[in-house]
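Down below is the structure, laid out as structure tokens.
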Amino acid sequence: MGETVHGSGGSGSLVLVLNSGSSSVKFAVLAPAGGERVLAGMAEKVGTPEAELQIRRFPDHVATEQLPGGSYQAVIARILDHLPEAGLGTAGDGSSGPGQSHLVGAGHRVVHGGERFTASVLVDDEVIAAIRSSSHLAPLHNPANLAGIEAVRAVRPDLPQVAVFDTAFHQTMPPSAFRYAVPEEWYTRYGVRRYGFHGTSYRFVTERAAALLGRPLTELRLVAAHLGNGCSVAAVSDGASVDTTMGLTPLEGLVMGTRSGDVDPGLFGYLADRAGLTIDELNDALYTASGLQGVSGVSNDMRTVEAAAAEGNERARLALEVFVHRLAKAIAGMAVGVERLDALVFTGGIGENSAFVRSQVLARLGFLGLTEDAEANARNGRGTRGRISLDGPVVAMVVPTDEELMIARDTARLAAVGARLR
Ligand code: ADP
């Protein structure tokens, strides 16, 4: 896992990367070698008469197309239709001459791989069945991810496909980190354990952090915070995940945009009793009406909450304090898993852009040997190889993530292995 691409079809190789939701699909066509985008966009209301495809052909051509009744397959077919227009041939159709780009595979983000998948895999019937059998762990996501795989299969049966799992990277966690202290049978019969998410992002940013630090990843002890709409922290020791804050579901751990993160599980019984709420209502509130949104009452979006706090909104200020306190506490907790901390990595929309959040977190972590370099932090680490801390035993850094590129790299690498085996 995590190698860069070697011999995977040459400099003209392109990969279609798909992130399929229940009624939408985000996609990109990019070069796995350097990450250059050729196409990117999103289809919404897939499977309805209002289906719409927004597509950007780089550098600057943007189009919105209606795809009436657009099935998933129609969407994929339409995306692929754009490839020849972009001056591209596709592998195996005879049109890709020397120097021309060609599509070497499709890579899919798959949310849950359960305990079965510890790395990205080439898709075959058995893999499809195994993803289906993990669907109870991610009932909203895995079936949608599978629909994307089936649609590409229907349109381009010969195109190698690769599944890249959010959970796979964390399968190296030891039982002390992944087991809950609950009845054994909940684990053995129902798979109740901590799985962790954002694995593709952690793989990308920890490799990149090692490169920026000029040290081998296999010798580094890192804590990384992926802070987007969903937020988590992971402990990465010698390139392997040893702990993370998300668990059975992406609800556990940090305060997020609309998700509560950790709460006392006793609140379920308490609110069922006091407020007459059902499990579904409680679950829904913890996923969609909590987090920054629930505390601030202003927004789930960090930029908006920061702006409201700056204007004196007390609830927004409190939301930031709770967010930062919980984040700093989680980072300190993750440091236990790595035993010695070399670097703290911030990534995701908030991690990459919010100098305020990073500054507040670093101010609480001085005891770990971290001191903010205010100027470097204000520049989001640009011009300092990501570094935002002053000289000390631990480096704090900003490393922009690129999950699509990680998926594209895995896809190109595994497609090349598949081609050698054929
Ligand atoms: P997703 O998890 O959906 O990929 P992102 O990684 O893009 O989302 O993160 C979205 C979050 O990043 C939002 O809360 C947004 O407000 C926050 N964000 C983006 N830019 C900034 C900024 N300049 N300052 C503070 N927060 C930001």
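The values are calculated or read from the model by the stated rules, or taken from the named source; none is laboratory data. In this text the structure is predicted, and so the values were computed from the model without any measurement. Methodologically, a virtual Cβ is constructed for each residue, glycine included, from the backbone with ideal geometry; neighbour enumeration extends over all protein chains shown. When the accessible area is computed, the model is the full protein with side chains, heavy atoms only, and any ligands, DNA or RNA have been set aside. Shrake-Rupley method; radii C 1.70, N 1.55, O 1.52, S 1.80 Å.
Restrict the check to region 136-157 and report whether at least one residue is in contact with a helix residue (DSSP H, G or I) (Cβ under 6 Å, 6 or more places away or on another chain), within 21 Å of Val17 (Cα to Cα), assigned to a loop (DSSP other than H, G, I, E, B) and in contact (Cβ under 8 Å) with a residue 40 or more places away in the chain. No, there is no match, as no residue in region 136-157 is in contact with a helix residue (DSSP H, G or I) (Cβ under 6 Å, 6 or more places away or on another chain), within 21 Å of Val17 (Cα to Cα), assigned to a loop (DSSP other than H, G, I, E, B) and in contact (Cβ under 8 Å) with a residue 40 or more places away in the chain.
Kindly establish whether Gly196 is at positive phi and open to solvent by 60 Å² or more (accessible area, probe 1.4 Å). Here the answer is no, as Gly196 does not meet what is asked.
Exactly one residue among Ala363, Ala416, Ala412 is in a helix (DSSP H, G or I) and open to solvent by 60 Å² or more (accessible area, probe 1.4 Å), and that residue is Ala363.
Residues considered: Phe323, Phe356, Phe367, Phe346. Of these, the only one that is aromatic (Phe, Trp, Tyr) and over 27 Å from Pro250 (Cα atoms) is Phe367. Scanning region 22-76 for residues that are surrounded by fewer than 19 Cβ atoms within 10 Å (Cβ to Cβ) and touching a residue at least 60 places away in the same chain (Cβ under 8 Å) turns up Ser22, Gly35, Ser71, Gln73. Mind checking which residues of region 333-357 are surrounded by 17 or more Cβ atoms within 10 Å (Cβ to Cβ) and more than 10 Å from the ligand (Cβ to nearest atom)? Those that are surrounded by 17 or more Cβ atoms within 10 Å (Cβ to Cβ) and more than 10 Å from the ligand (Cβ to nearest atom): Met334, Ala335, Gly337, Val338, Leu341, Asp342, Ala343, Leu344, Val345, Phe346. Scanning region 232-269 for residues that are within 14 Å of the ligand (Cβ to nearest atom), out of contact with any Lys or Arg (no Cβ under 8 Å at 6 or more places or on another chain) and under 16 Å from Val345 (Cβ atoms) gives a single hit, Ser232. Contact map, region 313-326: first residue within 14 Å of Gly261 (Cβ to Cβ), second residue not aliphatic (A, V, I, L, M), Cβ cut-off under 6 Å, separation 6 or more or different chains; pairs are Ala319/Ser296; Val324/Gln360. Residues in region 383-409 that are in contact with an Asp or Glu (Cβ under 6 Å, 6 or more places away or on another chain) and open to solvent by 40 Å² or more (accessible area, probe 1.4 Å): Leu390, Pro400. Considering Ala309, Ala285, the condition of being open to solvent by less than 60 Å² (accessible area, probe 1.4 Å), within 14 Å of the ligand (Cβ to nearest atom) and without any contact (Cβ under 8 Å) to a residue 60 or more places away in the chain is satisfied by Ala309 alone. Of all residues in region 219-241, exactly one satisfies the criterion of being under 13 Å from Gly199 (Cβ atoms), open to solvent by 20 Å² or more (accessible area, probe 1.4 Å) and assigned to a strand (DSSP E or B), namely Ala240. Looking only at region 203-228, count how many residues are among the hydrophobic types (A, V, I, L, M, F, W, C), under 14 Å from Arg385 (Cβ atoms) and more than 16 Å from the ligand (Cβ to nearest atom). Residues in region 203-228 being among the hydrophobic types (A, V, I, L, M, F, W, C), under 14 Å from Arg385 (Cβ atoms) and more than 16 Å from the ligand (Cβ to nearest atom): 5 in total.
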